[in-house]
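Here is the structure we will look at, set down as structure tokens.
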């Protein structure tokens, strides 16, 4: 018997009966988020088979040449740049994935959109409300697609929670409670990295963690119209990141709490802190309605607690601990046999899939993905939380 060997190039038909386009990705940033997004582009084609497009890792940007060159080799990009504008200008780059520090979100993203290149931008959309508005305006005026990577919208359990609410299974929504707690900067000797400087980050726990739960509030329940809040910076000076012998001021918040009023009358509480000993990445969501309650915990992200008030038979009344891994649950037709859980990194695979499908099929980003308008509205709510903390008064959200 003779052995048959075949070859096929990336852009050719993969047994789907049609040619699949390639989309060249330019990655801005190579650290934590750059790694997470790159992982998603690599996993996407063989998990979401057949893919609508093959992401081609065209180029990666970083300011430190040795580090970005190493990232290029490590992640598998074809080339590297130390100037972001040159990378965006590269004709091989068709999609800018902006994972840079918050102060680098606006200018490169706007530049790319004006050139007709698609943009996937990490959250928060920008460091300031003014920048966020300019990014939204650029997105509206561009022929290209744009999305904010609020990845928790793509957790299967939270998608199921949204479906429950949209289908009316919880009835009228009375309460939305959300907290996002971490511990990673509790050590007073932890250096003043960029996330602790307002000029680079825009905010602290509010933009880093709070933006996620604010977006989930809007995604699950609806628009927020007013807030009343408190904010604290617990450690006001830290060793400089580039010279530990020097102390520099911390210019962002370490924690905030807020009471929010949603359009329609739902009452909400929002809390985020990076000073919670023992809390590694503790995001919890609880929603109470006239017909029941749902509860989610990111540290057990494949489960959703569900209580339905009028469930029959009554002897079974109580919270159901639903393992969200069945083939009929959101996204699970693409993954493993039921009961085989997925992790945090896979939310980015779902986000990338959604964005690429929107590009190729020209489908809407919303309601499941976050548009730049969603990013702007989240920034406006963050700004209202800041104003309330400063004024001591309840503040309206100004869009």
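Odds and ends about this structure:
- Of the strands (runs of 3 or more DSSP E) lying entirely inside the range 172-275, the ones with 2 or more residues being farther than 20 Å from residue 159 by Cα and in contact (Cβ under 8 Å) with a residue 12 or more places away in the chain are found at 224-232, 237-239, 247-249, 255-262, 267-273.
- Some residue of the range 144-151 being surrounded by fewer than 20 Cβ atoms within 10 Å (Cβ to Cβ), modelled with pLDDT of 95 or more and in contact with a strand residue (DSSP E or B) (Cβ under 9 Å, 6 or more places away or on another chain): yes
- Qualifying residue in the range 146-158 (condition: more than 17 Å from the chain's Cα centre (by Cα) and touching a residue at least 40 places away in the same chain (Cβ under 8 Å)): no
- Any hit, the range 68-79, residues being at pLDDT 95 or above and at positive phi: yes
- Residue count for the range 105-133, restricted to those that are surrounded by fewer than 22 Cβ atoms within 10 Å (Cβ to Cβ) and under 16 Å from the mean Cα position of the chain (by Cα): 0
- Summed over the range 322-350, residues that are on the phi > 0 side of the Ramachandran plot and surrounded by 14 or more Cβ atoms within 10 Å (Cβ to Cβ) total 1.
- The residues listed here are 225, 183; of these, the one that is out of contact with any strand residue (DSSP E or B) (no Cβ under 6 Å at 6 or more places or on another chain) and surrounded by fewer than 22 Cβ atoms within 10 Å (Cβ to Cβ) is 183.
- Elements of the type strands (runs of 3 or more DSSP E) sitting completely within the range 290-392 and holding at least 1 residues that are over 13 Å from residue 156 (Cα atoms) and touching a residue at least 40 places away in the same chain (Cβ under 8 Å): these cover 292-297, 303-308.
- Just one of the listed residues (358, 353) is surrounded by 12 or more Cβ atoms within 10 Å (Cβ to Cβ) and out of contact with any helix residue (DSSP H, G or I) (no Cβ under 9 Å at 6 or more places or on another chain), and it is 358.
- The lone exception for residue 142 - which of (1) touching a residue at least 24 places away in the same chain (Cβ under 8 Å); (2) assigned to a helix (DSSP H, G or I); (3) not assigned by TED's automatic domain parsing to the domain that holds residue 333 it fails: (2)
- Enumeration of residues in the range 152-171 that are in a loop (DSSP other than H, G, I, E, B) and surrounded by 20 or more Cβ atoms within 10 Å (Cβ to Cβ): 155, 170
- Screening the candidates 373, 326 for the property of being closer than 20 Å to residue 216 by Cβ and either in contact with a helix residue (DSSP H, G or I) (Cβ under 7 Å, 6 or more places away or on another chain) or assigned by TED's automatic domain parsing to the domain that holds residue 166 (or both) yields one hit, 373.
- Scanning the range 8-23 for residues that are closer than 23 Å to residue 148 by Cβ and either in contact with a strand residue (DSSP E or B) (Cβ under 9 Å, 6 or more places away or on another chain) or modelled with pLDDT of 95 or more (or both) turns up at least one hit.
The values are calculated or read from the model by the stated rules, or taken from the named source; none is laboratory data. Being a predicted model, the structure only gives us computed values, none of them experimental. Glycine also receives a Cβ, built like all others from the backbone with ideal geometry; neighbour counts cover every protein chain displayed.
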